[in-house]
């Protein structure tokens, strides 16, 4: 047993004693989190902050690389490496041969953190390169960080080996396979001073952070014991003190917190809703954030042996909103059984498009049927009915005639067609579960605008809301009341969108400004079309109806 663990156990044992009550009230140690901005940023060769995406970083090996707001050193996001099965699995970025020259020296820095794995983790910053066709690996920097602590890996004068080609910068661990975060990855001319975290703990730790200082240590144990004795814990402090999620703050929480501080356990129980209850929008969003992937794996869109896929039904219904019959595609879950009831997801197309676009006919051939079938077969998604409507809803025009205000209003009118005509038709003709718990809506481009508009106006009807490259035009507040809000909101944007450009980010910024919990899903290389749609649906299928 390490000396630090032994000391922690001794201190906690003493503090647990009733005879030390007076000392508890007087003793309030603190650890100052020291952070500093890196110096001379104008000379950086690159500075990756992950605020708008993965900054050309990708997954290395069998893991996933995606941005996350759960832990960050600076700004609001970091790069999250999850699903690692080997220590070399991590993140990688190719380095330009014109910028980084073999035989020359450079400064490199990266800030790492491990939130959930072993008590401490040894991180490594590595250069992968080729010489004569043989792959080589060279350590740039390496150090150990405690759980929850951001630590800097920094080498002010690292020399790239002579003759090295195909340079790749790698973030990894030496032995652990835990998920981890990395932020503020910087390359600069040799000798550049790059300051990083000295003892920068992850803010908003949550469970166990009783004194709300962003760390979990003996000071929290003291506050918890004081709270048990005097009943002084309220608000977020009380929520964080209930580490065993029992609904009561008692000695069982103190014992669990002691075990965590001493390294006897590595995690607290995750918050789970009671039967008939749900996590709040903020808590559910935080729960699913680490599961988000930037792009779907290729295998998600392929038919697989032994997997049953759902049936596509082409139907029509009478729309009192449009005064005519309207077509709709219904994708049933595999082995649809009318004796069972299923949740429903509405998936909407964009301008000038129709009911096949999001299901079978996109920029190329869409494989939405295969994607949802595979997710259900894996147990990653609920069995559900997917509805692909004709969004254009004019009482005088059958189809879109131009991109103008008259046609815009016909798309915006879909909220009436959906709620007054299509949803009642689905309920009458299919075996479905109803209510916001069992109803999701998402859409692409103009369909994304409509999903946001409908979600804003009907939070009592739709629990899960998505928008893919959404068109502009939705104004107003998304500050739903705490007892009348959806469970989940997700916005997907592509870096190469030449149609709506940065408009999705405008929505994202507005949500952040107004404190609306949501997922900002940025697809590097994503255009206004299929690859953003697939990436969004892959995630959205797996999250809908899971709260």
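Derivation of every value follows stated rules applied to the coordinates shown; laboratory data play no part. The structure displayed is predicted, hence computed values, not measured ones. FYI the Cβ positions are ideal-geometry reconstructions off the backbone, even for glycines, and counts take in every protein chain you see.
Could you work out the helix-only [θ] at 222 nm for the chain, with each DSSP H run of four or more residues adding -39,500 (n - 2.57) and the total divided by the number of residues, to the nearest 500 deg cm²/dmol?
Theoretical 222 nm ellipticity from helices: -6500 deg cm²/dmol.
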* Asked: How big is Rg to Rh over the stretch 313-454, alpha-carbon atoms, Rh as the Kirkwood inverse-mean-distance radius?
  -> 0.96
* Asked: If the chain between residue 513 and residue 165 were fully stretched, how many nm would it gain, using 0.36 nm times the residue separation less the Cα-Cα distance?
  -> 120.8 nm
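Take the alpha carbon gyration tensor of the stretch 295-543, find the square roots of its eigenvalues, order them as a ≥ b ≥ c, and report rounded if a/c is under 1.5; if not, report prolate when a/b exceeds b/c, else oblate.
Details: a/c = 1.27, a/b = 1.09, b/c = 1.17.
Note, shape of the stretch 295-543 comes out rounded.
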* To do: Could you grab the relative contact order for the chain? Cα pairs under 8 Å, six or more apart, rounded to a whole percent.
  => 12
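Please compute the alpha carbon radius of gyration of the stretch 105-171, then divide it by the globular-protein estimate 2.2 N^0.38 Å. Two decimals is fine. Display every interim value, and only then the final one.
Numbers: Rg = 13.7 Å, N = 67, 2.2 N^0.38 = 10.9 Å.
The stretch 105-171 yields a ratio of 1.26.
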* **With Cα atoms, 0 to 90° folded angle of helix 3-16 axis to the chain main axis** => 80
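Return the FRET efficiency for the residue pair residue 428, residue 398: r is the Cβ-Cβ distance, R0 is 22 Å, and the value is rounded to the nearest 0.05.
On the way: r = 24 Å, r/R0 = 1.10.
E(calc), rounded to 0.05, equals 0.35.
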* Helix 446-457 versus the longest principal axis of the chain: what is the Cα-based angle in degrees, 0 to 90, to the nearest 10? -> 80
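Antiparallel as a % of all DSSP beta bridges within the chain, to the nearest 5?
On the way: 66 of 88 bridges.
If we restrict to bridges inside the chain, about 75 percent are antiparallel.
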* Structure fact -> Under the 7 Å Cα-to-Cβ spin-label approximation, residue 248 and residue 303 lie apart by a distance in nanometres of 5.8
* **Those residues of the stretch 385-402 whose amide nitrogen sits under 12 Å from the label point placed on residue 323, 7 Å along Cα→Cβ** => 394-398
* **Computed P(r) (all Cα pairs; the stretch 235-331; 10 Å bins; percent)** => 11, 22, 19, 21, 15, 9, 3
* **Net lengthening on full extension, residue 506/residue 234 (0.36 nm per residue, minus Cα-Cα)** => 94.3 nm
* Asked: Just the Cα atoms of the stretch 419-524: what Rg and Dmax do they give in Å?
  -> 14.2, 42
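Normalised by the residues of the stretch 295-543, what does the relative contact order come to in percent, with Cα pairs under 8 Å and at least six apart? Working shown, then result.
Values: 509 pairs, mean separation 48.9, N = 249.
Relative contact order, the stretch 295-543: 20 percent.
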* To do: Send over the per residue convex hull volume for the stretch 41-198, Cα only, as a whole number of Å³.
  => 100
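What is the Cα radius of gyration of the chain over 2.2 N^0.38 Å, N being its residue count?
Working: Rg = 26.1 Å, N = 547, 2.2 N^0.38 = 24.1 Å.
So the Cα radius of gyration is 1.08 times the expected 2.2 N^0.38 Å.
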* Quick one: helix 530-543 against the long Cα principal axis of the chain, what's the angle to the nearest 10°, folded into 0 to 90? -> 70
